[in-house]
Amino acid sequence: VPRIAVLALQGGVAEHVEMLRELGAEPVPVRSAAALSSGPWHGVVLPGGESSTMDRLLRRFRMRDPLAELITSGVPVLATCAGLILLAERIEDPAPGQTSLGVLPVTVRRNAFGRQVDSSREEVSTAFGKVDAAFIRAPEVTAVGGDVRVIARRGSSPQGAGAVVAVATDQVIGMSFHPELTHDLTLHSEFVRRAHRQRHA
Ligand code: GLN
């Protein structure tokens, strides 16, 4: 069974854990550098929440560099919302002092579609299938580089029609929305397939 490190310092962890279990993986909530070093890991999940808070806690708990190294080593990654912001090489409008792991060549703009009250639920067409997605203070991907592919744009939403809301490489699947809040397994299934391959590699 693939072991998945689910970053659990802050944010929406439980729904990811439940979905990964349902898909036959072994999710392990990770809250310390010691837990992070208790691999082997066949995948990493970075949940939604508040990216600047996660960034601060990662540094305080000395988890930032080992997490960046784990990801750079090539394990499959699934990141939602704040998690995608953590991965980004560039944040257009960081909170004061906010840094990121800088491991994915994309630029993101935080809270690109408005505030919490502008949250919405929409169907999003992705390269891996249609996803029932919740947008909550979601970031927009404003630039992609390297081998990053755009796998979804926002539909005819009044807020930001056509905006890039999901990207992927052979290693990373990153989305601005929350498929875990609607229990949509489409992207998690692809991630768990990748984690299985990683385990057998
Ligand atoms: N706006 C949040 C941030 O900057 C992300 C919101 C979310 O994860 N739902 O991290």
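The values are calculated or read from the model by the stated rules, or taken from the named source; none is laboratory data. Computed from a predicted model, the values in this text were never measured in an experiment. Cβ: placed from backbone, ideal geometry, glycine included. Neighbour counts: every protein chain shown.
Key figures
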read-out	value
Subset of the stretch 31-60 [in a helix (DSSP H, G or I), within 16 Å of the ligand (Cβ to nearest atom) and closer than 15 Å to ILE71 by Cα]	LEU58
Filter result for THR126 (out of contact with any Pro (no Cβ under 8 Å at 6 or more places or on another chain) and surrounded by fewer than 19 Cβ atoms within 10 Å (Cβ to Cβ))	no
Qualifying residue in the stretch 89-108 (condition: more than 30 Å from GLN159 (Cα to Cα), within 14 Å of the ligand (Cβ to nearest atom) and of a type outside the set (Phe, Trp, Tyr))	no
Qualifying residues in the stretch 64-88 (those that are assigned to a loop (DSSP other than H, G, I, E, B) and in contact (Cβ under 8 Å) with a residue 40 or more places away in the chain) - the one nearest to the ligand (Cβ to nearest atom)	CYS81
Residue match in the stretch 125-134 (condition: out of contact with any Asp or Glu (no Cβ under 8 Å at 6 or more places or on another chain) and within 13 Å of the ligand (Cβ to nearest atom))	yes
Test result for VAL103, within 25 Å of VAL17 (Cβ to Cβ) and surrounded by 15 or more Cβ atoms within 10 Å (Cβ to Cβ)	yes
Which listed residue, of ALA8, ALA14, ALA34, is buried (at least 16 other Cβ atoms within 10 Å of the Cβ) and out of contact with any Leu (no Cβ under 9 Å at 6 or more places or on another chain)	ALA8
Candidate set from the stretch 22-60 (those that are acidic (Asp, Glu) and free of Cβ contacts under 8 Å to residues at least 60 places away in the same chain); member that is farthest from ALA8 (Cα to Cα)	GLU26
Any hit, the stretch 190-201, residues being modelled with pLDDT of 95 or more, under 18 Å from ALA82 (Cβ atoms), out of contact with any strand residue (DSSP E or B) (no Cβ under 6 Å at 6 or more places or on another chain) and crowded, with 20+ Cβ neighbours inside 10 Å	no
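Condition check ((1) touching a residue at least 24 places away in the same chain (Cβ under 8 Å); (2) touching a His at 6+ places or on another chain (Cβ under 7 Å); (3) more than 21 Å from GLY11 (Cβ to Cβ)) across all residues:
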position: GLN159; (1), (2), (3): yes, no, yes
position: VAL164; (1), (2), (3): yes, no, yes
position: VAL167; (1), (2), (3): yes, no, no
position: SER176; (1), (2), (3): yes, no, no
position: SER189; (1), (2), (3): yes, no, yes
position: ARG194; (1), (2), (3): yes, no, yes
position: ARG199; (1), (2), (3): yes, yes, yes
